[in-house]
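Report on the structure given below.
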Amino acid sequence: MSGPPLSWIGRPLRRREDGPLVTGRGRFVDDLQPPGLVHLALVRSPHAHARVAGVDVRRARRAVGVVAVLTAADLDVTEPLPVNRMFRDMIVKAAPLLAKERVHAQGTPVAAIVAASPEAAADGAALVGVDYEALPGVATAPAALAAGAPKIWDDAPGNRSLGQTWRAGNPEEAFAGAARVVELAVEQNLLAGVPLEPRCALAAWDDVAGSLTVWTSTQAPFRVRSEIARMLGLDEGHVRVIAPDVGGGFGVKGGPYREEPLVAWLARRLRRPVKWMSTRQEDLLTTQHSRGAASRGRLALDADGRIRGLSARIEAPLGAYLSFSASTNPRNHARCLPGAYAVRDVDIQVTGAFTTTPPVGAYRGAGRPEAAFLIERLMDEAARALRIDPAEIRRLNAIPFEAFPYTTATGQVYDSGDYRAVLDRALAAADYPGLRRAQAERRRRGELVGVGLSLYVEPAALGWESGVVRMERTGAVTAITGSSPHGQGHETTFAQVVAEHLGVEPDVVTVRHGDTAGAPQGSGTAGSRSTALGGGALALAAKDVREKGRRIAAAMLEAAAADVVAVPGGFHVVGAADRTIAWRAVADVAHRMGALPSGMEPGLEATRFFEAPGEVWSSGAFVVAVRVERETGVIVPERVVWVDDAGTIVNPLLADGQLEGSLAQAWGQIAMEAIRFDADGHLLTGTLMDYALPRADDVPVAEILHHDTPSPFNPLGAKGLGEAGTIGLPPAVVNAVVDALAPFGVTHLDMPLTPAKVWAKIAAP
């Protein structure tokens, strides 16, 4: 039996979500004002590392409007916040809801104030007196792992939380026999996610039902539900978590954070709704940061440029208290390091270190950008050392198309790809030979111009997701997903997926998400997994509904089921075009009492859980041309050509929007963003006056092309694409800038490439 023709997959439909959002009709957590609402403010430590000698809350309890004041002694929550343990023998330190005897990071709360208004709560918090005894701290992974570093946790020797070695082949022999070895040290700038909507949560307790409802700005409502239930000793069925409109997440809202179980505990204790809304300063201080690793890589090569071996030592900061995704970055950094290249002999060691700083975890890219940056910078250094064109050395070492599925030296299974074709298409689109000719001519005129390349891989869609598809009696369709969006366009994309597999118009499909009471268990949104897994689950559920509809249609048409096929809008009998029936008629019969043949269940609904057999691996290539202004050090991107392979594209318009968004955040890391601390771990970039973000007119315009190699691992053939720009653009731009500054002997620059940093290289004697 054939299905309905492909008609909705691949169409650039406009986002249906945008109307309410751009006209101010969105519904975010802070828009919710239930009767009796009170507000939470937290007294946070100004010290990065200190003993808490005493907390005096007497004045705060007498303050106008204050409803409750609590310290750690008042809490009966003993279960820790969750941490995803992706390494064996990890030493885990979870964040306390309220610290009692010691704080290990600036911003750790030591008291909670609940009051009738946010202002009254803040005023009450200002009246709390805390006696601290400051202790030495340490802000970076290399400093934390150095001999004699201040001890952060008594039971974490050397401040080490996690470690692992990836070894394959004989790397010692590979390096010993190499014609050339290149080496590079890289320091990644630490970043903040800075979603438009800071973190926030609201909880309400129903005393009659003994149940809790939590509204929170999260990417993972089901995980938040599970962990709040565990920490508060409640049955999961008595906890409902709702993620309404979410103003951005980018990985940093995976959670849960301490404030979500804390407002839940307070709501149950006070029998009143309790809301916490982060300020921007709190968000910069307490929401997990990302990147920040220090790494040293070595590449062994034959004389013709073929890679013989790869070695790396990675030191990753984790913060004082581990976030749920603390191990994601170091794991991805190490396992993705071979990138798009055929490397058989590797020795990669990663160490995760406690630091007296806020937590470090996933943020758009989550370890993949760090890996791509190191290997792509090494490839350029190898090309320079061997006097080989950077494009040629990449083509020579790229995994060939016929090798897929390909298992890397770090044990990763690449499902599909055509890396050489992606590279060649980018080079052709950019007129790479022409760029090089123009560069030579402009250099003769004294201009500082450079060309940079990168190849990248992007693993995505790890785990599983759920989907429900239900056709109502009228023919309207409801699709429910366990995936929870924060700006990606799920309602549009998933409507297209369901419409495609049912043979209906997307306009009749309503997509619901973000409510644990109205959906099967879900994994949430992270790691560019939504289309491949969430879309895959909905595709399977839609096919189940279509198949049941086909059997009902066969009975209605008095035909054998094998002779009835799905067509857009309904079904018909093969070879009899006049014997056709619409979905609406089928749906009416499916729901009408006594209308179905004997033995056929009523209704048109299916639930599917889809788990892929492995990750999907997107890939792509960048060609970047830049000009560096000699007098100021300002970088001017002149061409950005980008070929991305994300498998089957459901909606090209939304796909390009996701790519452009990742490019904007990549440009932030490249040009300006950096979370900075003093040596002890006190935040120096605590406002948007100190932490620079790119404006729209700062971000370069990319020429985006798609080269689609479908994945065999999910029903749609889809891969991830939301993080691609953060992975591939930074090394391409830095390669281009280093190329531009090569006449000055510059061989490497760490990001951000601020004008002052670049100018200093030009002006150096």
Original post:
Can you name every residue in the range 582-620 that is within 30 Å of Thr408 (Cβ to Cβ), among the aliphatic types (A, V, I, L, M) and not in a strand (DSSP E or B)?
Top reply: Ala612
**OP:** Residue by residue through the range 214-229, note down the ones that are of a type in the set (Ser, Thr, Tyr) and touching a residue at least 60 places away in the same chain (Cβ under 8 Å).
**Re:** Thr216, Ser217, Thr218
Original post:
Restricting attention to the range 647-665, does a residue exist that is surrounded by fewer than 21 Cβ atoms within 10 Å (Cβ to Cβ), in contact with a helix residue (DSSP H, G or I) (Cβ under 8 Å, 6 or more places away or on another chain), in contact (Cβ under 8 Å) with a residue 60 or more places away in the chain and within 30 Å of Phe404 (Cβ to Cβ)?
Top reply: yes
**OP:** Give the residues of the range 732-748 that are in contact with a helix residue (DSSP H, G or I) (Cβ under 6 Å, 6 or more places away or on another chain) and under 19 Å from Arg291 (Cβ atoms), sorted by residue number.
**Re:** Val733, Asn735
Original post:
Got at least one residue in the range 512-529 being among the acidic types (Asp, Glu), in a helix (DSSP H, G or I) and either more than 20 Å from Asp588 (Cα to Cα) or in contact (Cβ under 8 Å) with a residue 12 or more places away in the chain (or both)?
Top reply: no
Original post:
Can you spot a residue in the range 671-687 that is under 30 Å from Ala742 (Cβ atoms) and among the small types (Gly, Ala, Ser)?
Top reply: yes
Original post:
part of a loop (DSSP other than H, G, I, E, B), more than 21 Å from the chain's Cα centre (by Cα) and farther than 26 Å from Val194 by Cα, is that true of Asp708?
Top reply: yes
Subject >> Residue that is farthest from Tyr414 (Cα to Cα) [pool: residues in the range 721-765 that are modelled with pLDDT under 95 and buried (at least 24 other Cβ atoms within 10 Å of the Cβ)] >> reply: Gly722
Subject >> Scope the range 655-705; condition of a type in the set (A, V, I, L, M) and under 17 Å from the mean Cα position of the chain (by Cα); matching residues >> reply: Ala655, Leu659, Leu663, Ala664, Ala666
**OP:** Consider only pairs whose beta carbons are under 9 Å apart and that are at least six residues apart or on different chains; among these, list those whose first residue lies in the range 719-748 and is within 15 Å of Gln669 (Cβ to Cβ) and touching a residue at least 60 places away in the same chain (Cβ under 8 Å) and whose second residue is in a loop (DSSP other than H, G, I, E, B) and basic (Lys, Arg).
**Re:** Glu723/Arg364; Gly725/Arg364; Thr726/Arg364
**OP:** Would you tally the residues in the range 666-686 being buried (at least 22 other Cβ atoms within 10 Å of the Cβ) and either of a type in the set (S, T, N, Q) or outside the structural domain of Leu729 (by TED's automatic domain parsing) (or both)?
**Re:** 1
Subject >> Residues of the range 622-640 satisfying the condition of being among the aliphatic types (A, V, I, L, M) and not in a strand (DSSP E or B) >> reply: Val634
**OP:** May I ask you to say which residue of Val130, Val103, Val43, Val29 is hydrophobic (A, V, I, L, M, F, W, C), at pLDDT 95 or above and in contact with a helix residue (DSSP H, G or I) (Cβ under 9 Å, 6 or more places away or on another chain)?
**Re:** Val43
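The values are calculated or read from the model by the stated rules, or taken from the named source; none is laboratory data. What you see is a predicted model; the values in this text were computed from it and never measured. Counting neighbours? That spans all protein chains shown, and the Cβs are built from the backbone with ideal geometry, glycine included.
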